[in-house]
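Novice: After the C-alpha coordinates below, expect a handful of questions from me.
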Amino acid sequence: MLTTRTMAHRIDGKAFAAGIGGEVAKAVHRLRQEYGVTPGLAVVLVGNDPASEVYVRNKARQTVSAGMQSFEHRLEASAGEGEIRALIAGLNADERVHGILVQLPLPAHVDAEAILGAIDPAKDVDGFHPLNVGLTASGQKALVPCTPLGCLMLLRDLHGDLSGRHAVVIGRSNIVGKPMAQLLLRSNCTVTIAHSRSENLPDLCRRADILIAAVGRPEMVKADWVKPGATVIDVGINRIAAGEGKTRLVGDVDFAAVSEVAGAATPVPGGVGPMTIACLLANTLNACCRSLGIPVNADLTP
Ligand code: NAP
(Lines give C-alpha, C1' and ligand atoms only; values in the text may rest on other atoms or scores of the structure.)
Protein backbone atom coordinates (compact mmCIF):
# COMPACT_ATOMS: atom_id res chain seq x y z
CA MET A 1 0.00 0.00 0.00
CA LEU A 2 1.25 3.47 -0.88
CA THR A 3 1.55 5.94 1.97
CA THR A 4 1.93 9.67 1.47
CA ARG A 5 4.08 11.57 3.91
CA THR A 6 3.43 15.26 4.42
CA MET A 7 6.41 17.47 5.07
CA ALA A 8 6.33 19.96 7.94
CA HIS A 9 5.27 23.51 7.23
CA ARG A 10 8.49 25.51 6.87
CA ILE A 11 8.11 28.57 9.09
CA ASP A 12 9.44 31.55 7.15
CA GLY A 13 11.03 33.77 9.79
CA LYS A 14 12.70 35.90 7.13
CA ALA A 15 9.38 36.95 5.55
CA PHE A 16 7.71 37.48 8.93
CA ALA A 17 10.64 39.60 10.13
CA ALA A 18 10.54 41.67 6.93
CA GLY A 19 6.86 42.44 7.73
CA ILE A 20 7.77 43.63 11.23
CA GLY A 21 10.65 45.68 9.81
CA GLY A 22 8.19 47.38 7.43
CA GLU A 23 5.79 48.21 10.28
CA VAL A 24 8.63 49.60 12.39
CA ALA A 25 9.87 51.74 9.47
CA LYS A 26 6.37 53.24 9.01
CA ALA A 27 6.11 53.98 12.73
CA VAL A 28 9.59 55.58 12.73
CA HIS A 29 8.53 57.81 9.83
CA ARG A 30 5.37 58.91 11.70
CA LEU A 31 7.40 59.57 14.84
CA ARG A 32 9.77 61.85 12.94
CA GLN A 33 6.92 63.73 11.24
CA GLU A 34 4.75 64.16 14.34
CA TYR A 35 7.38 64.60 17.05
CA GLY A 36 10.58 65.44 15.19
CA VAL A 37 12.36 62.53 16.89
CA THR A 38 14.38 59.73 15.27
CA PRO A 39 14.88 56.59 17.40
CA GLY A 40 18.55 55.74 17.91
CA LEU A 41 20.24 52.43 18.69
CA ALA A 42 23.79 52.26 20.05
CA VAL A 43 25.71 48.98 19.69
CA VAL A 44 28.86 48.38 21.72
CA LEU A 45 31.35 45.82 20.45
CA VAL A 46 34.35 44.92 22.59
CA GLY A 47 37.07 42.99 20.76
CA ASN A 48 36.94 41.48 17.28
CA ASP A 49 35.11 38.16 17.49
CA PRO A 50 34.29 37.43 13.81
CA ALA A 51 30.68 36.22 14.47
CA SER A 52 30.00 39.29 16.64
CA GLU A 53 31.38 41.54 13.88
CA VAL A 54 28.83 40.04 11.44
CA TYR A 55 25.94 40.46 13.91
CA VAL A 56 26.87 44.07 14.66
CA ARG A 57 27.15 44.92 10.94
CA ASN A 58 23.71 43.34 10.25
CA LYS A 59 22.11 45.16 13.16
CA ALA A 60 23.53 48.52 12.06
CA ARG A 61 22.42 47.98 8.45
CA GLN A 62 18.86 47.09 9.42
CA THR A 63 18.63 49.91 11.97
CA VAL A 64 19.45 52.38 9.22
CA SER A 65 17.04 50.67 6.75
CA ALA A 66 14.24 51.14 9.29
CA GLY A 67 14.99 54.89 9.31
CA MET A 68 16.63 54.90 12.75
CA GLN A 69 19.99 56.29 13.78
CA SER A 70 22.72 53.75 14.36
CA PHE A 71 25.67 54.46 16.66
CA GLU A 72 28.49 51.92 16.62
CA HIS A 73 31.11 51.92 19.39
CA ARG A 74 34.10 49.62 19.10
CA LEU A 75 36.56 49.01 21.90
CA GLU A 76 39.77 46.98 21.93
CA ALA A 77 39.56 43.45 23.35
CA SER A 78 41.84 44.69 26.14
CA ALA A 79 39.35 47.41 27.22
CA GLY A 80 38.84 47.44 30.99
CA GLU A 81 35.52 47.43 32.81
CA GLY A 82 35.98 51.09 33.73
CA GLU A 83 36.32 52.11 30.09
CA ILE A 84 33.22 50.13 29.06
CA ARG A 85 31.20 51.53 31.99
CA ALA A 86 32.23 55.09 31.07
CA LEU A 87 31.04 54.52 27.50
CA ILE A 88 27.70 53.15 28.76
CA ALA A 89 27.26 56.07 31.16
CA GLY A 90 27.69 58.43 28.19
CA LEU A 91 25.11 56.50 26.14
CA ASN A 92 22.67 56.44 29.10
CA ALA A 93 22.86 60.24 29.15
CA ASP A 94 22.72 60.76 25.38
CA GLU A 95 19.23 61.91 24.31
CA ARG A 96 19.77 60.68 20.73
CA VAL A 97 20.19 57.12 22.01
CA HIS A 98 16.98 55.25 22.93
CA GLY A 99 18.38 51.72 22.88
CA ILE A 100 21.75 50.31 24.01
CA LEU A 101 23.00 46.86 23.09
CA VAL A 102 26.27 45.42 24.32
CA GLN A 103 27.23 42.61 21.94
CA LEU A 104 27.91 39.34 23.79
CA PRO A 105 30.10 37.51 24.52
CA LEU A 106 32.36 40.05 26.24
CA PRO A 107 36.06 39.20 26.72
CA ALA A 108 36.64 36.83 29.64
CA HIS A 109 38.26 39.49 31.87
CA VAL A 110 35.08 41.61 31.83
CA ASP A 111 32.20 40.99 34.28
CA ALA A 112 29.33 40.79 31.76
CA GLU A 113 26.61 40.95 34.43
CA ALA A 114 28.06 44.16 35.86
CA ILE A 115 28.22 45.71 32.39
CA LEU A 116 24.63 44.72 31.50
CA GLY A 117 23.50 46.03 34.89
CA ALA A 118 25.05 49.44 34.10
CA ILE A 119 22.69 50.02 31.15
CA ASP A 120 19.73 52.31 31.87
CA PRO A 121 16.82 49.77 32.10
CA ALA A 122 14.68 52.10 29.93
CA LYS A 123 17.28 51.77 27.13
CA ASP A 124 17.95 48.05 27.69
CA VAL A 125 16.59 46.83 24.32
CA ASP A 126 18.14 43.38 24.80
CA GLY A 127 16.09 42.94 27.99
CA PHE A 128 19.05 41.60 30.01
CA HIS A 129 19.07 44.17 32.85
CA PRO A 130 17.96 42.54 36.14
CA LEU A 131 15.00 44.97 36.33
CA ASN A 132 13.65 43.87 32.94
CA VAL A 133 14.39 40.21 33.80
CA GLY A 134 12.30 40.57 36.98
CA LEU A 135 9.48 42.42 35.25
CA THR A 136 9.33 39.76 32.52
CA ALA A 137 9.35 36.96 35.10
CA SER A 138 6.52 38.56 37.07
CA GLY A 139 4.40 39.15 33.96
CA GLN A 140 4.73 42.95 33.92
CA LYS A 141 5.50 45.31 31.03
CA ALA A 142 9.20 45.07 30.27
CA LEU A 143 11.75 45.18 27.50
CA VAL A 144 11.80 41.47 26.62
CA PRO A 145 14.86 39.65 25.16
CA CYS A 146 14.66 39.72 21.37
CA THR A 147 15.29 36.06 20.45
CA PRO A 148 12.61 34.51 22.70
CA LEU A 149 10.23 37.31 21.76
CA GLY A 150 10.79 36.48 18.09
CA CYS A 151 10.12 32.77 18.76
CA LEU A 152 6.90 33.61 20.61
CA MET A 153 5.72 35.76 17.71
CA LEU A 154 6.27 32.93 15.24
CA LEU A 155 4.33 30.55 17.50
CA ARG A 156 1.46 33.00 17.96
CA ASP A 157 1.28 33.63 14.24
CA LEU A 158 1.07 29.89 13.59
CA HIS A 159 -1.21 28.79 16.42
CA GLY A 160 -2.94 31.87 17.84
CA ASP A 161 -3.74 30.88 21.41
CA LEU A 162 -1.04 28.66 22.95
CA SER A 163 -3.03 27.78 26.11
CA GLY A 164 -2.60 24.27 27.43
CA ARG A 165 0.10 23.21 24.99
CA HIS A 166 3.11 21.39 26.40
CA ALA A 167 6.26 23.32 25.53
CA VAL A 168 9.71 21.83 26.08
CA VAL A 169 12.60 24.31 26.01
CA ILE A 170 16.07 22.75 25.69
CA GLY A 171 18.55 25.24 27.18
CA ARG A 172 18.38 27.42 30.29
CA SER A 173 20.59 30.37 29.40
CA ASN A 174 19.65 33.85 30.63
CA ILE A 175 19.61 35.03 27.02
CA VAL A 176 17.30 32.46 25.45
CA GLY A 177 16.14 29.44 27.48
CA LYS A 178 14.94 31.08 30.70
CA PRO A 179 13.13 34.07 29.15
CA MET A 180 11.64 31.74 26.51
CA ALA A 181 10.19 29.55 29.25
CA GLN A 182 8.81 32.65 31.03
CA LEU A 183 7.08 33.89 27.89
CA LEU A 184 5.55 30.47 27.18
CA LEU A 185 4.35 30.19 30.77
CA ARG A 186 2.80 33.63 30.44
CA SER A 187 1.05 32.34 27.30
CA ASN A 188 -0.49 29.55 29.43
CA CYS A 189 1.68 26.72 28.10
CA THR A 190 2.75 23.89 30.38
CA VAL A 191 6.51 24.35 30.31
CA THR A 192 9.39 21.91 30.79
CA ILE A 193 12.94 23.29 30.80
CA ALA A 194 15.67 20.81 29.87
CA HIS A 195 19.45 21.30 30.12
CA SER A 196 22.73 19.40 30.07
CA ARG A 197 21.89 17.53 33.30
CA SER A 198 18.39 16.50 32.20
CA GLU A 199 17.85 12.74 31.96
CA ASN A 200 16.06 11.00 29.07
CA LEU A 201 16.11 14.11 26.90
CA PRO A 202 14.66 12.40 23.80
CA ASP A 203 11.72 11.13 25.94
CA LEU A 204 11.12 14.63 27.35
CA CYS A 205 11.18 16.11 23.86
CA ARG A 206 8.76 13.53 22.47
CA ARG A 207 6.12 14.85 24.90
CA ALA A 208 6.30 18.35 23.46
CA ASP A 209 3.59 19.99 21.37
CA ILE A 210 6.07 22.84 21.00
CA LEU A 211 9.80 22.05 21.07
CA ILE A 212 12.32 24.88 21.33
CA ALA A 213 16.01 24.03 20.89
CA ALA A 214 18.46 26.62 22.26
CA VAL A 215 21.56 24.57 22.93
CA GLY A 216 24.41 25.31 20.53
CA ARG A 217 24.96 21.67 19.43
CA PRO A 218 24.75 21.07 15.66
CA GLU A 219 21.67 19.03 14.64
CA MET A 220 21.31 17.45 18.09
CA VAL A 221 17.51 17.10 17.91
CA LYS A 222 16.71 14.04 15.80
CA ALA A 223 13.48 13.02 14.07
CA ASP A 224 12.68 10.38 16.70
CA TRP A 225 12.81 13.07 19.44
CA VAL A 226 9.79 14.79 17.90
CA LYS A 227 6.10 14.03 18.45
CA PRO A 228 4.32 13.70 15.09
CA GLY A 229 2.72 17.04 14.23
CA ALA A 230 4.66 19.06 16.84
CA THR A 231 6.00 22.55 16.16
CA VAL A 232 9.80 22.80 16.34
CA ILE A 233 11.59 26.11 16.79
CA ASP A 234 15.36 26.01 16.25
CA VAL A 235 17.30 28.83 17.92
CA GLY A 236 20.74 27.29 17.41
CA ILE A 237 23.33 28.83 15.12
CA ASN A 238 26.29 26.52 14.55
CA ARG A 239 28.97 26.85 11.89
CA ILE A 240 30.21 23.45 10.68
CA ALA A 241 32.71 22.30 8.08
CA ALA A 242 31.19 21.69 4.64
CA GLY A 243 34.26 20.28 2.87
CA GLU A 244 36.83 21.97 0.61
CA GLY A 245 37.65 24.42 3.38
CA LYS A 246 34.11 25.82 3.34
CA THR A 247 31.65 26.12 6.22
CA ARG A 248 27.87 26.32 6.53
CA LEU A 249 25.34 27.24 9.20
CA VAL A 250 23.11 24.62 10.83
CA GLY A 251 20.78 24.76 13.79
CA ASP A 252 20.37 22.52 16.83
CA VAL A 253 17.76 20.49 14.92
CA ASP A 254 18.30 17.97 12.13
CA PHE A 255 15.90 19.98 9.96
CA ALA A 256 15.62 17.62 6.97
CA ALA A 257 14.79 14.55 9.08
CA VAL A 258 12.62 16.40 11.61
CA SER A 259 10.58 17.95 8.77
CA GLU A 260 9.27 14.48 7.98
CA VAL A 261 7.72 14.17 11.46
CA ALA A 262 6.94 17.68 12.73
CA GLY A 263 3.87 19.70 11.81
CA ALA A 264 5.93 22.87 11.40
CA ALA A 265 9.58 23.81 11.84
CA THR A 266 11.93 26.77 11.48
CA PRO A 267 14.93 26.44 9.16
CA VAL A 268 18.46 27.70 9.91
CA PRO A 269 19.22 30.15 8.43
CA GLY A 270 15.96 32.01 7.73
CA GLY A 271 13.99 31.09 10.86
CA VAL A 272 14.60 32.62 14.28
CA GLY A 273 17.69 34.69 13.35
CA PRO A 274 15.90 37.40 11.31
CA MET A 275 13.18 37.61 14.00
CA THR A 276 15.81 38.53 16.61
CA ILE A 277 16.86 41.64 14.69
CA ALA A 278 13.24 42.60 13.88
CA CYS A 279 12.37 42.44 17.60
CA LEU A 280 15.46 44.52 18.41
CA LEU A 281 14.20 47.27 16.09
CA ALA A 282 10.70 47.05 17.60
CA ASN A 283 12.14 47.24 21.14
CA THR A 284 14.17 50.33 20.17
CA LEU A 285 11.08 52.02 18.72
CA ASN A 286 9.12 51.19 21.87
CA ALA A 287 11.89 52.47 24.16
CA CYS A 288 11.88 55.72 22.18
CA CYS A 289 8.08 56.09 22.43
CA ARG A 290 8.15 55.41 26.18
CA SER A 291 10.92 57.99 26.68
CA LEU A 292 8.70 60.57 24.97
CA GLY A 293 5.65 59.49 26.98
CA ILE A 294 3.68 58.74 23.82
CA PRO A 295 1.73 55.59 22.87
CA VAL A 296 3.93 52.72 21.79
CA ASN A 297 3.52 52.05 18.08
CA ALA A 298 4.72 48.49 17.68
CA ASP A 299 4.51 46.82 21.06
CA LEU A 300 5.16 43.15 20.41
CA THR A 301 5.37 42.06 24.02
CA PRO A 302 2.69 39.76 25.43
P1 NAP B 1 24.39 28.80 26.14
O2 NAP B 1 24.43 29.97 27.04
O3 NAP B 1 25.66 28.08 25.83
O4 NAP B 1 23.34 27.75 26.75
C5 NAP B 1 23.17 26.50 26.19
C6 NAP B 1 22.19 25.70 27.00
O7 NAP B 1 22.09 24.41 26.42
C8 NAP B 1 22.61 25.51 28.47
O9 NAP B 1 21.49 25.70 29.31
C10 NAP B 1 23.09 24.06 28.50
O11 NAP B 1 22.83 23.41 29.72
C12 NAP B 1 22.25 23.43 27.42
N13 NAP B 1 22.92 22.25 26.87
C14 NAP B 1 24.19 22.16 26.42
N15 NAP B 1 24.44 20.90 26.00
C16 NAP B 1 23.31 20.19 26.19
C17 NAP B 1 22.94 18.85 25.96
N18 NAP B 1 23.79 17.98 25.43
N19 NAP B 1 21.70 18.46 26.30
C20 NAP B 1 20.82 19.34 26.82
N21 NAP B 1 21.10 20.63 27.06
C22 NAP B 1 22.34 21.06 26.76
O23 NAP B 1 23.76 29.18 24.72
P24 NAP B 1 22.66 30.30 24.33
O25 NAP B 1 23.27 31.64 24.42
O26 NAP B 1 21.38 30.03 25.04
O27 NAP B 1 22.50 29.95 22.78
C28 NAP B 1 22.03 28.69 22.35
C29 NAP B 1 22.13 28.60 20.83
O30 NAP B 1 21.31 29.61 20.27
C31 NAP B 1 23.55 28.86 20.27
O32 NAP B 1 23.71 28.08 19.10
C33 NAP B 1 23.51 30.33 19.89
O34 NAP B 1 24.41 30.65 18.85
C35 NAP B 1 22.08 30.45 19.42
N36 NAP B 1 21.50 31.80 19.50
C37 NAP B 1 20.81 32.23 18.41
C38 NAP B 1 20.21 33.47 18.43
C39 NAP B 1 19.42 33.91 17.22
O40 NAP B 1 19.23 35.08 17.02
N41 NAP B 1 18.91 32.95 16.43
C42 NAP B 1 20.32 34.29 19.55
C43 NAP B 1 21.00 33.80 20.68
C44 NAP B 1 21.59 32.55 20.64
P45 NAP B 1 23.55 23.83 31.12
O46 NAP B 1 22.85 25.09 31.57
O47 NAP B 1 23.27 22.67 32.00
O48 NAP B 1 24.99 24.05 30.81
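The values are calculated or read from the model by the stated rules, or taken from the named source; none is laboratory data. Since the model is a prediction, treat every value here as computed from it, not as a measurement. We place every Cβ from the backbone using ideal geometry, glycine too, and count neighbours over all the protein chains shown. For accessibility, only protein heavy atoms count, side chains too; no ligands or nucleic acids. Shrake-Rupley method; radii C 1.70, N 1.55, O 1.52, S 1.80 Å.
Novice: From GLU219, GLU260, GLU244, which residue is of a type in the set (Asp, Glu) and free of Cβ contacts under 8 Å to residues at least 12 places away in the same chain? Please lay out each step first, then the result.
Specialist: Values: GLU219 fails: free of Cβ contacts under 8 Å to residues at least 12 places away in the same chain; GLU260 fails: free of Cβ contacts under 8 Å to residues at least 12 places away in the same chain.
Criteria check complete, one pass: GLU244.
Novice: All but one of (1) open to solvent by 50 Å² or more (accessible area, probe 1.4 Å); (2) part of a helix (DSSP H, G or I); (3) in contact with an Asp or Glu (Cβ under 7 Å, 6 or more places away or on another chain) hold for MET7, so report the exception by its number.
Specialist: With (1) open to solvent by 50 Å² or more (accessible area, probe 1.4 Å); (2) part of a helix (DSSP H, G or I); (3) in contact with an Asp or Glu (Cβ under 7 Å, 6 or more places away or on another chain) applied to MET7, the lone miss is (2).
Novice: If you take the residues of the range 270-295 that are near the ligand (Cβ under 9 Å from one of its atoms) and open to solvent by 10 Å² or more (accessible area, probe 1.4 Å), which of them is nearest to PHE16 (Cα to Cα)?
Specialist: Step by step, filter the range 270-295, then rank; the result is PRO274.
Novice: Something else now. If ALA89 satisfies all but one of (1) open to solvent by 20 Å² or more (accessible area, probe 1.4 Å); (2) touching a helix residue (DSSP H, G or I) at 6+ places or on another chain (Cβ under 8 Å); (3) of a type in the set (A, V, I, L, M), what's the number of the condition it fails?
Specialist: Condition (2) is where ALA89 drops out.
Novice: Go through the range 10-24 and give me each residue that's assigned to a helix (DSSP H, G or I) and acidic (Asp, Glu).
Specialist: Applying the first criterion (assigned to a helix (DSSP H, G or I)) to the range 10-24 yields 13-24.
Passing the criteria: only GLU23.
Novice: Restricted to the range 134-153, and to residues that are within 16 Å of the ligand (Cβ to nearest atom) and without any contact (Cβ under 8 Å) to a residue 40 or more places away in the chain, which residue is surrounded by the most Cβ atoms within 10 Å (Cβ to Cβ)?
Specialist: Among them, the one singled out is PRO148.
Novice: Which one is farthest from the chain's Cα centre (by Cα) among residues in the range 210-224 that are within 11 Å of the ligand (Cβ to nearest atom) and open to solvent by less than 40 Å² (accessible area, probe 1.4 Å)?
Specialist: VAL221
Novice: Whether any residue in the range 194-209 is in a strand (DSSP E or B), within 16 Å of the ligand (Cβ to nearest atom) and either loosely packed, with under 15 Cβ neighbours inside 10 Å or among the β-branched types (Val, Ile, Thr) (or both) is what I want to check.
Specialist: No, the range 194-209 contains no residue that is in a strand (DSSP E or B), within 16 Å of the ligand (Cβ to nearest atom) and either loosely packed, with under 15 Cβ neighbours inside 10 Å or among the β-branched types (Val, Ile, Thr) (or both).
Novice: Take the residues in the range 154-170 that are open to solvent by 10 Å² or more (accessible area, probe 1.4 Å) and not in a helix (DSSP H, G or I); name whichever of them is nearest to the ligand (Cβ to nearest atom).
Specialist: Here the residue is HIS166.
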